[in-house]
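Taken together, the values in this text are just the output of simple stated rules run on the coordinates, not laboratory data. Every value quoted in this text rests on a predicted model; they were computed, and no experiment measured them. Cβ sites come from the backbone with ideal geometry, for glycine too, and all protein chains shown count toward neighbours.
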Amino acid sequence: MDLSYTPEEEEFRARLREWLAKVLPGLPPKPSPDDWPGRRAYDLGWQRMLYDAGYAGLHWPADAGGRGATPTQHLIFLEETEKAGAPYVGANFVGLLHAGPTIAAEGSAEQRARWLPPVLRGEEVWCQGFSEPDAGSDLAALRTRARRDGDDYVVSGSKIWTSHAEVADWCELLVRTDAKAPKHRGISWLAMPMDAPGITVRPLRTLAGSTEFAEVFLDEVRVPVANRVGEENDGWRVTMVTLSFERGTAFVGEVVACRRVLGELAREARKNGRWDDVPLRRRLGRLNAEFRALWRLTQWNVSESERSGGVPGVGGSVFKLRYSRARQDLYDAAADVLGPEALDLDSPWTLDRLSSLSYTIAAGTSQIQRNIVAERILGLPKGR
Amino acid sequence: MDFQLTDDQRALRAGVRELLVRRFGREQLRAAVDAPELDRALWRELGEAGFFALRLPEAQGGVGLGLPEAVLAFEEAGRALLTGPLVATHLAAGEVPGAATGESVVAAVDGTLVEWLDEADVVRGDVTGAVPMRSADPLTPLHRVSRPAPPDPVAALLTAAEQLGSAARTCELAVQHARTREQFGQPIGAFQAVKHLCSEMLVRVEVARGAVYAAAVTADPLDIAAAGLLADEAAELGARDCLQVHGGMGFTWESDVHLHLKRAWLRARRGQSAAEAEEALAEDLVAAAPGPRT
Ligand SMILES: Cc1cc2nc3c(=O)[nH]c(=O)nc-3n(C[C@H](O)[C@H](O)[C@H](O)COP(=O)(O)OP(=O)(O)OC[C@H]3O[C@@H](n4cnc5c(N)ncnc54)[C@H](O)[C@@H]3O)c2cc1C
């Protein structure tokens with residue numbers, strides 16, 4: 001067990017720090033949370049800067065245009081960018097963290113060449129069209145269907161809770177290509193261009209008041225068969241690859257962010273006098289233990305995947321379960337530190353508290369994660 | 001960074017587990033419940049295996065390993081519910097004659113309690129006027145003392161390692177039971193309420209494991225404080241959930257679950273209190289340099 005970094009890793013960290021110190025002061029101001037085109041431009045701009053500096057797709061394999069960096073270097077990257085207060089992946093989330101890695105792992109040479117470079121260069125945004133109104137946790141129950149017509153699939157149905165759909169160029173889309181097969185067997189994974197005729201995006205308002213996700217209606221949308229990643233009807237397996245990326249690595253940077261936010265909260269409590277409230281202070285101390293441990297678990301998982309060299313395992317579910325709750329505990333504690341101010345929508349704490357509520361739902365609810373841990377790690381029997 | 005066990009560490013852990021299965025398996029454990037006295041032969045065997053001298057430099061006749069290895073050995077001890085003043089004797093190796101080899105049994109004052117006072121050859125700390133208690137843990141005799149000793153971070157870490165081992169074991173016991181016990185025509189582990197208890201147990205174990213192992217590597221007092229909090233939580237809640245999964249069986253003296261629960265309670269009393277650990281970790285938050293908010 002070794003928590004020290006090699007000289008190469010330290011060197012990588014030092015160069016990254018230097019670069020961040022140089023570029024961050026010159027960044028344009030952040031657009032407002034509801035300015036979606038502004039946010040897209042801002043996030044893509046940041047991605048382009050990363051690309052030009054050689055930091056794009058660090059954790060992607062080299063033959064997919066990535067840097068082939070070790071998971072540890074990726075961890076250092078997330079740690080340092082977050083510590084420095086650099087922009088988060090934002091609109092590039094799906095492209096960089098799950099569609100991209102999935103195409104890198106499962107796509108053909110042409111598919112990789114077509115879709116991966118624009119993600120890395122900050123030119124195209126992806127969204128995820130998995131969930132449907134009647135297929136959320138039971139994702140394999142999806143009904144959006146694709147019928148073959150010459151070289152195209154003709155897709156009809158609807159998707160829901162699609163994050164960033166309004167500003168996306170591509171959608172990783174799950175469709176049913178065989179209605180008669182058992183439900184896990186008849187699914188295919190397609191890359192759908194979001195400007196194709198027949199697509200209607202209707203933004204949904206979240207409880208935080210914003211429109212970060214949308215409903216997507218698909219009416220006879222033509223998607224080339226060449227856009228299918230993996231074999232026809234083998235999409236469920238591809239989906240599992242995508243979900244393991246989504247749960248395996250997607251939250252790493254956020255733990256660093258939570259540790260920073262917790263420090264800020266403590267200093268806020270010192271300023272406003274709530275620090276003298278012993279139970280509240282102790283709660284913050286316990287949250288410190290919590291986020292330290294989550295960081296250690298992250299280092300553990302990263303080291304494990306570095307050794308196995310493969311796709312992140314179901315350990316991501318263990319992490320997600322605990323992290324999503326801890327994040328909510330953090331913002332609940334913040335509300336107690338802030339008092340009445342915690343009801344002010346102009347306070348960033350309030351918006352962050354509201355958005356923390358999504359963590360136990362998005363990317364698979366906590367109930368579903370518990371089923372995964374129980375059945376896939378502990379080997380308990382499947383429920384009926 | 002390679003935060004995984006080395007091959008040597010895996011081998012060490014397997015060796016300790018094998019020794020404890022052979023010498024302190026279920027039968028010996030239950031025998032110890034009926035006659036709670038220290039097995040001196042086992043104590044010497046532990047000494048020979050290097051359990052107490054693990055961190056003592058080779059020049060002093062020790063094994064010359066570090067805290068991470070000690071933590072792995074104590075995790076196994078916690079799993080097996082091994083009895084005796086293990087932490088106190090381990091810490092006395094090289095300081096108290098015979099401790100390193102298991103010839104001596106060393107007890108120590110921890111907080112206001114002393115474990116195994118009557119069986120000890122040497123006692124560290126002031127035990128004048130020590131009053132025997134009827135110990136809640138049938139496997140650990142206890143005395144109360146009036147002059148508390150300050151907590152030792154290494155003792156706290158080794159205790160956390162024992163808690164981790166116990167938590168991992170109760171998770172395993174619960175899962176085994178849930179796989180085999182049938183109600184309503186199926187194993188109870190197929191019921192989601194049971195399944196979710198078990199998965200939360202595992203999550204607590206894994207979070208505690210990361211914290212305990214990291215603290216063993218850094219030996220940082222705050223890392224140890226955090227590890228203690230999470231390992232206590234994993235052990236205490238783990239034993240409770242294990243009891244729940246076992247139903248009426250879990251509430252019996254026959255089942256081992258209560259032994260884990262009671263020992264977890266006792267260990268949680270050792271060293272720094274939860275309040276002190278939380279205060280130290282809170283202080284750390286305001287001591288750290290301010291960062292920007294995004
Ligand atoms: C902020 C946010 C962003 C999202 N972004 C996207 C996106 O970009 N793309 C996308 O495809 N999806 C996205 N989702 C959808 C998300 O993946 C689903 O909301 C989630 O999987 C739950 O599905 P559901 O909403 O249909 O709830 P349901 O599946 O209807 O579940 C409702 C409740 O029932 C419980 N439940 C359901 N089945 C079980 C079971 N077997 N055992 C126990 N409890 C059960 C659930 O835990 C939940 O509490 C997003 C969601 C949120 C909140």
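At-a-glance table
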item	result
Highest-MSF residue in chain A out of A:ARG39, A:ARG267, A:ARG13 [GNM, Cα springs under 10 Å]	A:ARG267
Distant-in-sequence amide H partners of A:TYR153 (H built 1.01 Å from N, under 5 Å)	A:VAL223, A:VAL225
The stretch A:290-356-the stretch A:177-201 distance, computed between alpha-carbon centres (Å)	33
Debye log10 I(q)/I(0) at q = 0.14, 0.15 Å⁻¹ for chain B, Cα point scatterers	-1.05, -1.20
Highest-fluctuation residue, A:ALA326, A:ALA109, A:ALA146 considered, GNM on chain A with Cα pairs under 10 Å	A:ALA109
Calculated P(r) of the stretch B:151-217 - Cα pairs past 20 Å, %	41
Percentage relative contact order, chain A, counting C-alpha pairs under 8 Å, at least six apart	13
Value at 222 nm in deg cm²/dmol, rounded to 500, when DSSP H runs of n ≥ 4 in the protein assembly as shown each add -39,500 (n - 2.57)	-16500 deg cm²/dmol
Share of alpha-carbon pairs per 10 Å distance bin for the stretch B:58-98, given as whole %	24, 55, 21, 0
Two-decimal Rg/Rh across the stretch B:1-138, once Rg and the Kirkwood Rh are taken from alpha-carbon atoms	0.98
Calculated P(r) tail over 25 Å for the stretch A:126-232, as whole % of Cα pairs	15
Relative contact order (%) - criterion: Cα under 8 Å, at least six apart; region: the stretch B:200-294	26
Computed Kirkwood radius, in angstrom, where 1/r is averaged over Cα pairs of the stretch A:5-53	12.5
Estimated translational D of the stretch B:63-142 in µm²/s (Stokes, Kirkwood radius over Cα pairs; 25 °C; 0.890 mPa s)	182
All-pairs alpha carbon distance profile, the protein assembly as shown, 10 Å steps from 0, percent	3, 14, 23, 23, 18, 11, 6, 2, 0, 0
Over 15 Å [Cα-Cα, the stretch A:7-88], rounded percent	61
Coil-residue GluC sites (Glu not before Pro) of the stretch A:278-324, DSSP, other Cβ within 10 Å capped at 11	none
Dipole moment magnitude, nearest 20 debye, the protein assembly as shown about Cα centre, only Lys, Arg, Asp, Glu C-beta charged	1240
Distance between the stretch A:65-122 and the stretch B:121-152 - C-alpha centres, whole angstrom	57
Over chain A: Kirkwood hydrodynamic radius from C-alpha pairwise inverse distances, Å	22.0
GNM top mover of A:GLY136, A:GLY150, A:GLY65 - chain A, alpha-carbon springs below 10 Å	A:GLY150
Cross-link pairs A:LYS30/A:LYS271; A:LYS30/A:LYS320; A:LYS30/A:LYS83; A:LYS320/B:LYS262; A:LYS183/A:LYS382 - those with Cα-Cα distance over 19 Å	A:LYS30/A:LYS271; A:LYS30/A:LYS320; A:LYS320/B:LYS262
Convex hull projection area averaged over all views, the stretch A:50-177, Cα basis, nm²	9.2
Neighbourhood net charge (12 Å Cβ-Cβ; Lys/Arg +1, Asp/Glu -1) for B:GLY25	+3
B:THR128 paired with A:GLU232, simple spin-label distance in nm, labels 7 Å along Cα-to-beta-carbon	9.1
Burial ordering of A:TYR153, B:TYR213, fewest other beta-carbon atoms within 10 Å first	A:TYR153, B:TYR213
Label-point gap, in nm, between A:VAL278 and A:ARG17 - each point 7 angstrom along Cα→Cβ	4.0
Intensity falloff of the stretch A:320-384 expressed as log10 I(q)/I(0), Debye formula with alpha-carbon point scatterers, at q = 0.16, 0.25 Å⁻¹	-0.60, -0.98
Coordinate range along principal axes, alpha carbons of the stretch B:161-294, Å, largest first	59, 38, 24
Size descriptor, Kirkwood hydrodynamic radius, that averages inverse alpha-carbon separations across the stretch A:243-299, Å	12.5
Cubic angstrom per residue, convex hull over Cα atoms of the stretch A:248-378	108
P(r), alpha carbons of the stretch A:178-220 - 10 Å bins starting at zero, rounded %	23, 30, 34, 12, 0
A:VAL278, A:VAL155, B:VAL109 arranged by Cβ crowding within 10 Å, fewest neighbours leading	A:VAL278, B:VAL109, A:VAL155
Selection of GluC sites (Glu not before Pro), the stretch B:1-73, meeting DSSP coil and at most 13 other Cβ within 10 Å	B:GLU37
